Structure formats: structure tokens, C-alpha cells
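The structure appears below as C-alpha cells.
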Amino acid sequence: MNPFRSAARRLQARTALAVLVLVVAAAGVVAGSAGAQQAATILEEANAHYTAGEWAKAAAGYEAALKAQPKDGRAWNRLGASYANLKQYDRAIAAYRKGLAIGNNPIVMYNMACAYALSGRPDSALAWLDRSAEGGYNQPDAMESDEDLASLRTDPRYEALLEKVRIGAKPCVYSEEARQFRFWVGSWDVRTLSGDLAGTNDIRLGAGDCVMIENWKSMRGGTGQSLNFYDADAKKWRQIWVDSDGEVTRFEGTFSDGSMRFVGERVNKKGDRIPVKLTFTPLPDGRVRQRGEFSPDGGTTWVEEYDLYYSSMKRDG
């Protein structure tokens, strides 16, 4: 036996086997790619049927697509909606459950509640509405007008859940703490104690009533803006003020003894840090008093900087 010839034959055999493995693998990749492309085409067609409201065709398409892509949560959710529109509520619920197993979407929980309500199972419907509200569903107007939930509206539990969704949508509207400074909202003439006009100030609500945005215009020509909000984590009010001279003041405060009381630190253009106080008090005649103080000695003594009175041009809030 020629050892060199035997080694060459073994090398040829290994080479042939390696080529065969590569060919088979390549064929698998091509087949997989074709399968993925086919699934994508089926899903695209199902989406078109869904948009057109062709529920039976959409359901059939999503069923086919999900056999190839079973982790597509959106497709499961749309399959559920398609079955719900076909009044096949048990199938809809089963599809929604598959979608929720992939991602806890509060909209899908809401849709689950609708399917249970339409199938005459109010307890399950209300339970899923509650889970949806807990999960972050925040569309009270849609909930209130949704005919799918009409059968639930005489149940007192429904009203409680609707209120829960309203609170979730605009928590600052319902928060007692977040409303403490609301007396300052409005468009104001701002005058000194002697009645001289010092400037105008416009304070508006923003971000779902969670912030108060101040726009100040001084009679001397300067301007300034502040952002005011209740920090629920720290249980403090915060104000960040910036004026047209580039000075920044940061305050934190609480509402006590009938006034909003801030303490903070002003940083002037020289970089000096000056302790400051700011007090807002609603007056019986509808005006608001704003008193500013600063400390020239690091907080040991305090000097009044201004004493201003807001008279309403137009009150909001």
C-alpha cells in the first residue's frame, strides 16, 4: 500500500464531505430565506385585509403567518381583533392571550375586556379593564364612548374604573399636592405696594397640568421664565428660573400656612451663589402677593428684595 496515496484519498473524502455539508447548509439557508419571505408576504396581505376591514381574510392570513412567526405579538393582537369583529369572541380572547404572553400591552388588555363584555361575561370584562388601567391604559374618552362596553355602564364598578383611567391619564389634575400652586395660574398685572406697574406675568399649565410655565416681562425691559412642578418623589415643589441676564435660580418648596414657600440659590454672572427665598400668598381679594428675599451673608440674615402684588387681567385655572 502506498501511504501517500491512502492519505490523498482520505483528504479527498473529507473534502467531498465538507463540500456536501456546505451545499446542504446553503440549501437550508435558501429555503429558510424563501420561507421567511413567504411569511412576510402573507403577513403583509393580512395587514392589508385588516386595514380594509376584511376580517375573515385578515384572520386567515394572520393564522397562516403566525405558524411561521409565532412570536409576533402584533399579529396575535390583530388576529384577536379580527375574530372579535367576526363575533368569534372565544377565538379573539385566545389570540389576545397569546399576544399578552409576548408583551403586556394595556391596549390588548382593554381589547380583552371588550371581548369578554361582548360575550356576556361582565366580571371577566371588568377584571381585564382593571388590569388595563393598572398597566397604563389612559384613554378615558375612548373608553366612555366605546359601544363594546355598553353592557357594563350600569355597573358601579365600571364608573370606578373609568375614574381610575381618568386619573391615570392626567394624574396632576387629580393630585391635591399638584394643585397647591394653581392659584398663581393666569395672566396678571404685577404692581408694587404703592400701585406702580412693575411688569406683567403670564403663568400657564402644561404637560397635562403637571407643570406651570411662567413668562415674566418687566417694565424695565427684562424678561424671565420659570418652570414649576410638584416632585412627587421628593414631595417638594420645584422652580427653575432663568432671566434675560443669564442668571439661574433653583428653588424647592412646600405649601404651608396658606403660602407657597420656596428656598433656593441664585447664581449670578460672576458665579456668586446667593441664598434666596420666595413666598407666594393668595389674598382674600383674589390678588396674589409675591415676596422675594436674599441673604448677603450666607443665610444668617435676610433682606427683602421686592414685594409685588398680582392683579388679574384674566384668570385661568
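Residues in region 302-312 carry Karplus couplings, in order, of 10, 10, 5, 9, 7, 9, 10, 10, 8, 10, 6 Hz; the curve used is 6.51 cos²θ - 1.76 cosθ + 1.60 with θ = phi - 60°, and Gly or Pro positions show x. Legend: distances between Cα atoms for K170/K217; K164/K236; K235/K277; K170/K235; K235/K269; K170/K277; pairs beyond 21 Å are K170/K217; K164/K236; K235/K269; K170/K277. Going toward the positive end of the dipole of the chain, with +1 on Lys and Arg Cβ and -1 on Asp and Glu Cβ, which of M143, A40, F255 do you reach last? Farthest towards the positive end: A40. Between Y306 and G292, the built amide H atoms are under 5 Å apart, and every one of these is 5 or more places off in sequence or on another chain. In region 83-207, Cα pairs under 8 Å separated by at least six residues give a relative contact order of 16 percent.
Taking amide H atoms as placed 1.01 Å from N in the peptide plane, the amide H of N268 lies under 5 Å from those of I274, each 5 or more residues away in sequence or on another chain.
About the centre of its Cα atoms, region 48-112 shows a dipole size close to 100 debye [charges on the beta carbon of Lys, Arg (+1) and Asp, Glu (-1) only; nearest 20 debye]. This model, with +1 at the C-beta of Lys and Arg and -1 at the C-beta of Asp and Glu, gives region 177-315 a dipole about its Cα centre of some 280 debye. Rounded to the nearest 10 degrees, the angle from helix 106-118 to the longest Cα principal axis of the chain is 70 degrees.
Using a cut-off of 10 Å between beta-carbons, work out the net charge of the residues near M212 (Lys and Arg +1, Asp and Glu -1, M212 not included). Each step should come with its number before you reach the end.
On the way: positive: R182, R204; negative: D209, E214.
After counting each charged neighbour, the total is 0.
Using only Cα atoms, tell me the angle between helix 89-102 and the longest principal axis of the chain; keep it within 0 to 90° and round to the nearest 10. In the chain, helix 89-102 runs at an angle near 80 degrees to the longest axis. About its Cα centre, the dipole of the chain is roughly 1820 debye, where the only charges are +1 on Lys and Arg Cβ and -1 on Asp and Glu Cβ. Left without a cysteine partner by the 4.7 Å Cβ rule in the chain: C114. Only DSSP H runs of four or more residues enter the estimate; each adds -39500 (n - 2.57), and after division by the residues of the chain the mean residue ellipticity at 222 nm equals -15000 deg cm²/dmol. Remind me, relative contact order of region 177-315 in percent, using alpha carbon pairs under 8 angstrom and six or more residues apart? Relative contact order of region 177-315: 20 percent. Computed from Cα positions, the angle between helix 3-52 and the longest principal axis of the chain comes to roughly 50 degrees.
Shape analysis of region 177-315 places it in the rounded category; the axes a ≥ b ≥ c from the Cα gyration tensor give an a/c below 1.5. Please state the shape class of the chain: rounded when a/c is under 1.5, otherwise prolate if a/b exceeds b/c and oblate if not, all from the C-alpha gyration tensor. The shape class here is oblate.
Read-outs throughout are calculated quantities, based only on the coordinates presented, and are distinct from any laboratory measurement. Being a predicted model, the structure only gives us computed values, none of them experimental. Here the Cβ is made from the backbone with ideal geometry for all residues, glycine too, and neighbour counts use every protein chain on show.
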